[in-house]
Amino acid sequence: MGMFLITMQKLLGLSVAELGAVAVEQGEKTFRGKQIADWLYRKGIHHVEEMGNLPAAFRTALATRYMVGRSTIVKAAQSRDRTFKLLLRADDGELIETVGMPYTDRFSCCVSTQAGCAVNCLFCATGAGGFKRNLTAAEITDQVLTVGEYASGRKMLKEGGRVSHVVFMGMGEPMLNYDAVLKTVHILNTEMGIGMRNITISTIGYVPGIYRLAGEHLQLTLAVSLHTADQEMRRKLVPGMSRYSLSEIIAAARDYIKTTGRRVTFEYCLLKDVNDSKDDAIRLAALLKGLNCHVNLIPYNQVEGSGFKAPEAKRVADFFTILEASHIQVTQREQRGAGIDAACGQLRRRSA
Ligand code: SF4
């Protein structure tokens, strides 16, 4: 008699309709899908057996073919501002990092969308490690659940409180894993109650993805990591996206604003003597002129061996002032997670 293995499938990452289909396949009614979703996404259970309101026979049958699909925490690091980073192990051993950020008025989770990254930005440790694979909707959703659970366990979330904001800004380029990202967005919104306006998708400038996302007509925020307004410098800093020029990226952002009615955020990481001069600021102001946008200035967090340095405070202030004087909305992002290698990809590299 031969033995064969039935591969277990994950329930996490499935929509209510898909979960309903799973129930029907097991001889149950469609409405069970809603119940399962409630256990997975609102109660955050780890095992099928925990779904108390399902008939016992159904639970047993379900557990022979399906598992919830939660990850395990391999490592956790916390900084003084209580930002924490978790390193999660996927089924195949890949390591996924995710970040939790408690603020007074909200709790934000920064998720990874790929293991590794193919874009290879010059200043990024994830890029230097190369691309491994796309993460599934289950793996992205799991990050938000795990961060929420971790934060609740440490009283960073009030009783019954939960993750209120999600930013797709961790390891990987979200637009290159579009379907899983979009699926996760819908689960976060409809099943986990995270408002569309509290969800941000960040791209390094993958133009076709920006147009495609605009076509979804969602009220989420698009953030474009520009980092320079100089075409030559852009090619150097972001070699993996050099087939899209700055003007093509701006045209796509303009289309996004027009189609969705949403303001676009531009991320600009200030690197000492690379993109932090007054001329750089003037060039950026010219590039973004007349656009309904917001600029987030992020002074670089120095990393050993990266070759880049943190900008001087005076340079940052001047850069800020020039943008403001050009009537461009600008904020300087709080540096969160100092001391725990919060720049993308670093915790994973340490552990590996
Ligand atoms: S900055 Fe983002 S897009 Fe660039 S290599 Fe790192 S993870 Fe990839």
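Residues that are within 16 Å of the ligand (Cβ to nearest atom) and either under 14 Å from the mean Cα position of the chain (by Cα) or touching a residue at least 24 places away in the same chain (Cβ under 8 Å) (or both) number at least 3 in the following strands (runs of 3 or more DSSP E) confined to segment 75-128: 95-102, 114-116. On inspection, residue 152 passes the criterion of being farther than 25 Å from residue 118 by Cα and assigned by TED's automatic domain parsing to the domain that holds residue 235.
Any residue that is surrounded by fewer than 14 Cβ atoms within 10 Å (Cβ to Cβ), more than 16 Å from the ligand (Cβ to nearest atom) and in the same structural domain as residue 292 (by TED's automatic domain parsing) - is there at least one of those in segment 261-270? There is at least one residue in segment 261-270 that is surrounded by fewer than 14 Cβ atoms within 10 Å (Cβ to Cβ), more than 16 Å from the ligand (Cβ to nearest atom) and in the same structural domain as residue 292 (by TED's automatic domain parsing).
Out of 249, 282, one residue alone is surrounded by 20 or more Cβ atoms within 10 Å (Cβ to Cβ) and modelled with pLDDT of 95 or more. It is 249.
Consider segment 10-26 and keep the residues that are at pLDDT 95 or above and outside any helix (DSSP H, G or I). The one that is nearest to the chain's Cα centre (by Cα) is 13. Among residues that are more than 27 Å from residue 83 (Cβ to Cβ), under 18 Å from the mean Cα position of the chain (by Cα) and within 16 Å of the ligand (Cβ to nearest atom), residue 210 is included.
Whether any residue in segment 287-309 is part of a helix (DSSP H, G or I), of a type outside the set (A, V, I, L, M) and either modelled with pLDDT of 90 or more or within 16 Å of the ligand (Cβ to nearest atom) (or both) is what I want to check.
no
Looking only at segment 318-345, residues that are in contact with a strand residue (DSSP E or B) (Cβ under 8 Å, 6 or more places away or on another chain) and either surrounded by fewer than 15 Cβ atoms within 10 Å (Cβ to Cβ) or at pLDDT 60 or above (or both) come to 12 in all. Pairs linking a residue in segment 200-219 that is in a strand (DSSP E or B) to a residue that is among the acidic types (Asp, Glu) and within 15 Å of the ligand (Cβ to nearest atom), with Cβ atoms under 8 Å and 6 or more positions apart or on different chains, are 202/267; 203/173.
For every residue, the table says whether it meets (1) among the β-branched types (Val, Ile, Thr); (2) closer than 26 Å to residue 125 by Cβ.
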| site | (1), (2) |
| --- | --- |
| 152 | no, no |
| 159 | no, no |
| 177 | no, yes |
| 203 | yes, yes |
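Counting the residues of segment 151-194 that are of a type in the set (D, E, K, R) and within 16 Å of the ligand (Cβ to nearest atom) gives 1. Specify the residue that is nearest to residue 233 (Cα to Cα); the eligible residues are those in segment 108-160 that are aromatic (Phe, Trp, Tyr) and at pLDDT 90 or above. Here the answer is 131. Collect the residues in segment 184-196 that are under 20 Å from residue 170 (Cβ atoms) and in a helix (DSSP H, G or I), keeping them in residue-number order. Those that are under 20 Å from residue 170 (Cβ atoms) and in a helix (DSSP H, G or I): 184, 185, 186, 187, 188, 189, 196.
Scanning segment 39-74 for residues that are touching a residue at least 40 places away in the same chain (Cβ under 8 Å) and among the β-branched types (Val, Ile, Thr) yields 64, 68, 73, 74. When residue 249 is tested against (1) over 29 Å from residue 187 (Cβ atoms); (2) within 16 Å of the ligand (Cβ to nearest atom); (3) not small (Gly, Ala, Ser), just one condition goes unmet, and that condition is (1). When residue 64 is tested against (1) over 24 Å from residue 198 (Cβ atoms); (2) polar (S, T, N, Q); (3) within 16 Å of the ligand (Cβ to nearest atom), just one condition goes unmet, and that condition is (3). Across segment 237-264, the number of residues qualifying as touching a Cys at 6+ places or on another chain (Cβ under 7 Å) and closer than 21 Å to residue 322 by Cα comes to 2.
The values are calculated or read from the model by the stated rules, or taken from the named source; none is laboratory data. The structure presented is a predicted model; accordingly, all values stated were derived computationally and were not measured. Cβ sites come from the backbone with ideal geometry, for glycine too, and all protein chains shown count toward neighbours.
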